[in-house]
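The values are calculated or read from the model by the stated rules, or taken from the named source; none is laboratory data. Not measured: the values here are computed from a predicted model. Cβ coordinates were reconstructed from backbone atoms using ideal geometry, including for glycine residues, and neighbour counts include every protein chain displayed. SASA here: full protein model, heavy atoms, side chains in, ligands and nucleic acids out. Shrake-Rupley method; radii C 1.70, N 1.55, O 1.52, S 1.80 Å.
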Amino acid sequence: MHQAALKAYNSVNKSTMSGRDVEAEVLTKAALKLKECQDNWSGNGQGAMLEAALKYNQRVWTIFQAELEKPENPLPHPLKVDLLRLSAFIDKRTFETMAYPAPEKLTILININHHIAAGLRMRPGITATAKAAA
């Protein structure tokens, strides 16, 4: 019963999330998968867990790259260029980590995902209002 209620809640929650919230959610999920690998580095099944986490993170960033390349993407050009450069770095670090695994190589990927997710969760109107009130 509890699982069915949780599943229904998650379904409604996902259907009402904004695009920014969805992006923040998948980045956070990717960061948590990577962090779990880092925290359980010497555990059983670590290799498969690492591969799955890196592939998930890579898929997320590949989707971002495709969206950033679309001409109708509303982001300012300099921001798109910066995000594409960041995604190129993430690709490079991902392949490097796949080839030569080390737990410390995951830290930058985890941090980038968390920071971008936090930025996506910020609401520009709320930030401007808060600054004006201060």
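Is it the case, given these coordinates, that V81 is among the β-branched types (V, I, T), surrounded by 12 or more Cβ atoms within 10 Å (Cβ to Cβ) and in contact (Cβ under 8 Å) with a residue 24 or more places away in the chain? Taking the combined requirement at face value, the residue does not satisfy it. For I90, the criteria (1) more than 13 Å from the chain's Cα centre (by Cα); (2) open to solvent by less than 70 Å² (accessible area, probe 1.4 Å); (3) within 16 Å of A117 (Cα to Cα) hold in every case but one, which is (1). Taking region 28-40 as the range and being of a type in the set (A, V, I, L, M) and surrounded by fewer than 21 Cβ atoms within 10 Å (Cβ to Cβ) as the test, only L32 passes.
Among the residues in region 116-133, are any in a helix (DSSP H, G or I), of a type in the set (S, T, Y) and open to solvent by less than 40 Å² (accessible area, probe 1.4 Å)? Within region 116-133, not a single residue is in a helix (DSSP H, G or I), of a type in the set (S, T, Y) and open to solvent by less than 40 Å² (accessible area, probe 1.4 Å).
Using the structure shown, decide if T97 is farther than 17 Å from A24 by Cα and among the polar types (S, T, N, Q). Lay out the reasoning, then the answer.
On the way: farther than 17 Å from A24 by Cα: yes; among the polar types (S, T, N, Q): yes.
Considered against the rule, which asks whether it is farther than 17 Å from A24 by Cα and among the polar types (S, T, N, Q), T97 comes out as yes.
Of all residues in region 2-51, those being among the hydrophobic types (A, V, I, L, M, F, W, C), at pLDDT below 90 and not in a loop (DSSP other than H, G, I, E, B) number 5. Kindly indicate the residue of region 41-62 that is of a type in the set (S, T, N, Q) and over 14 Å from A102 (Cα atoms) and also surrounded by the most Cβ atoms within 10 Å (Cβ to Cβ) among those meeting that condition. Among those that are of a type in the set (S, T, N, Q) and over 14 Å from A102 (Cα atoms), it is N57.
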